[in-house]
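Notes follow the structure.
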Amino acid sequence: MTGPQHPRRPATLASLAAELGVSRTTVSNAYNRPDQLSAPLRERVLEAARRLGYPGPDPVARSLRTRRAGAVGLLLTEALSYAFRDPGATGFLEGLALACEKAGTGLLLVPVSPEHSDVDAVYQAGVDGFVVYSVSEDDPHFRAVLQRPVPTVVCDQPAGVEGVDRVGVDDRAGTLALGRHLVELGHRRIGVLCMRLSSQRHDGPVDPERQERSTYSVQRERLAGLRQAFAEAGVDWSSVPVIERFEHTAEAGADGAAALLDAHPEITAVVCTCDILALGVLGEARERGLRVPEDLSIAGFDGVPEAERVGLTTVRQPFREKGREAGRLLLERGDRNVSEHVTLPTELVVGTTTRALRQSGEFFSGW
């Protein structure tokens, strides 16, 4: 029997250079500065590297020398799977990835829980800059990002951070148009289902004070747009039932709709601050035998593919373009030292889930 076989050590830059009879700089240039070598010489170096098992320059060592990691960090205060199952996040991620591809840089997902304050993942991320995707104003991970000496771009929220680029939409204008649409259809008995208003879990009714204290500026603005639209029609906002759901899922939407309809069976329309919740409301309405829109009008916000497929009345926003713009702001920043804010357009899409009240007696002002 033969003795144990010792695996051959992979070649190093030095041993490869010695094998070829060239300098270490020549081997390094074959990978890092190919324009410095003739095509035949570079191919000879790479062929020998493949034959001898040389894996290429150590990326960690190279990043220490160049002080560049070659990657953009995307901060998500959600589980990693959120980036691949939420249609809005998926569209944004696609746009950001396209921007990274164009710039020849990598993309590192940094998912963290909104209910935990451990910021080690932010401090340890080897990135040249951060894109922060829709976090609360008091999020500890966002504060950790700001402590890193790298450029940062915020998508959606928080808004108004000094020295930080931002890309988003006019959320208040979007829901103002949506609210006016429902009012013009004659609806006055309207219920609202909103996304989380703080990083502390809460599932239930919310009063105007909690709405205004929300640490999620997007939700504050969307609720403010609805409040303005209803006020124009003489509806007292304090009388409008608003239900909050922490999870951004259709199941949470169905559960919130059940609570809303049980407590306020008189409502003729439900407006949601996102499409995913609205899709859950549609499911709950079907379970109750309610006809949409004959018995109940339903509207959302986002314009995700599934919402368009079912004909949901919604406010469409350009998720992919958001991602592209966020990438552009970060990767093409250059020496710019003034923050830039990009506001992308939204569009009211009137689908088949809203309609005018049919009986004249239902057209009234107030509650």
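The values are calculated or read from the model by the stated rules, or taken from the named source; none is laboratory data. Just so it is clear, the structure is predicted and the values come from calculations on it, not from any experiment. So basically every Cβ, Gly included, is an ideal-geometry build from the backbone, and we count neighbours across all protein chains shown. Side chains are part of the model used for accessible areas, which takes the heavy atoms of the whole protein and leaves out ligands, DNA and RNA. Shrake-Rupley method; radii C 1.70, N 1.55, O 1.52, S 1.80 Å.
Scanning region 132-167 for residues that are of a type in the set (Lys, Arg) and over 19 Å from Leu344 (Cβ atoms) gives Arg143, Arg148.
Checking each residue in region 103-127 for being free of Cβ contacts under 8 Å to residues at least 24 places away in the same chain and either surrounded by 14 or more Cβ atoms within 10 Å (Cβ to Cβ) or not small (Gly, Ala, Ser) (or both) picks out His116, Asp118, Asp120, Ala121, Gln124.
One residue alone among Val315, Val310, Val292, Val304 is within 15 Å of His248 (Cα to Cα) and at pLDDT 95 or above, and that residue is Val304.
Of note, Glu209 does not satisfy the criterion of being charged (D, E, K, R), surrounded by fewer than 18 Cβ atoms within 10 Å (Cβ to Cβ) and not in a helix (DSSP H, G or I).
For first residues located in region 317-329 and over 23 Å from Asp128 (Cβ atoms), partners that are part of a loop (DSSP other than H, G, I, E, B) and not hydrophobic (A, V, I, L, M, F, W, C) and lie 6+ apart or on another chain with Cβ distances below 7 Å form the pairs Gln317/Gly303; Gln317/Thr346. The single condition from (1) touching a strand residue (DSSP E or B) at 6+ places or on another chain (Cβ under 8 Å); (2) more than 30 Å from Glu251 (Cβ to Cβ) that Ala159 fails is (2).
Residue under question is Leu260, and the condition is that it be surrounded by 17 or more Cβ atoms within 10 Å (Cβ to Cβ), in a helix (DSSP H, G or I) and touching a Pro at 6+ places or on another chain (Cβ under 8 Å); does it hold? So Leu260 passes the test.
Being in a strand (DSSP E or B) and open to solvent by less than 10 Å² (accessible area, probe 1.4 Å), is that true of even one residue in region 142-151? Scanning region 142-151, I find no residue that is in a strand (DSSP E or B) and open to solvent by less than 10 Å² (accessible area, probe 1.4 Å), so the answer is no. Does Leu290 satisfy the condition of being farther than 28 Å from Ser81 by Cα, in contact with a Lys or Arg (Cβ under 9 Å, 6 or more places away or on another chain) and either open to solvent by 20 Å² or more (accessible area, probe 1.4 Å) or not in a loop (DSSP other than H, G, I, E, B) (or both)? Taking the combined requirement at face value, the residue does not satisfy it. The residue of region 44-86 that is modelled with the highest pLDDT, among those that are of a type in the set (Val, Ile, Thr) and over 26 Å from Ser23 (Cα atoms), is Val72.
The set of residues in region 186-206 being β-branched (Val, Ile, Thr) and either open to solvent by 30 Å² or more (accessible area, probe 1.4 Å) or closer than 18 Å to Ala250 by Cα (or both) consists of Val192 alone. Taking the listed residues Ala252, Ala229, Ala233, the one that is of a type outside the set (Ser, Thr, Tyr), surrounded by fewer than 18 Cβ atoms within 10 Å (Cβ to Cβ) and at pLDDT 95 or above is Ala233, with no other qualifying.
Per-residue answers, yes or no, for (1) in a loop (DSSP other than H, G, I, E, B); (2) among the aliphatic types (A, V, I, L, M); (3) closer than 21 Å to Val281 by Cβ:
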| site | (1), (2), (3) |
| --- | --- |
| Val153 | no, yes, no |
| Ala177 | no, yes, yes |
| Leu182 | no, yes, yes |
| Gly186 | yes, no, yes |
| Arg196 | yes, no, yes |
| Thr215 | yes, no, no |
| Gly225 | no, no, yes |
| Ala229 | no, yes, yes |
| His248 | yes, no, yes |
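Looking across Val169, Val183, one residue alone is open to solvent by less than 40 Å² (accessible area, probe 1.4 Å) and touching a strand residue (DSSP E or B) at 6+ places or on another chain (Cβ under 8 Å). It is Val169. In summary, Ser214 fulfils each of the numbered conditions (1) surrounded by 20 or more Cβ atoms within 10 Å (Cβ to Cβ); (2) in contact (Cβ under 8 Å) with a residue 24 or more places away in the chain with the single exception of condition (2). The residues of region 293-322 that are charged (D, E, K, R) and open to solvent by 30 Å² or more (accessible area, probe 1.4 Å), listed by number, are Glu294, Asp295, Glu306, Glu308, Arg309, Arg316, Arg320, Glu321. Applying the criterion of at least 3 residues that are over 22 Å from Val218 (Cα atoms) and not hydroxyl-bearing (Ser, Thr, Tyr) to the helices (runs of 4 or more DSSP H) found wholly in region 71-135 leaves 87-103, 120-124.
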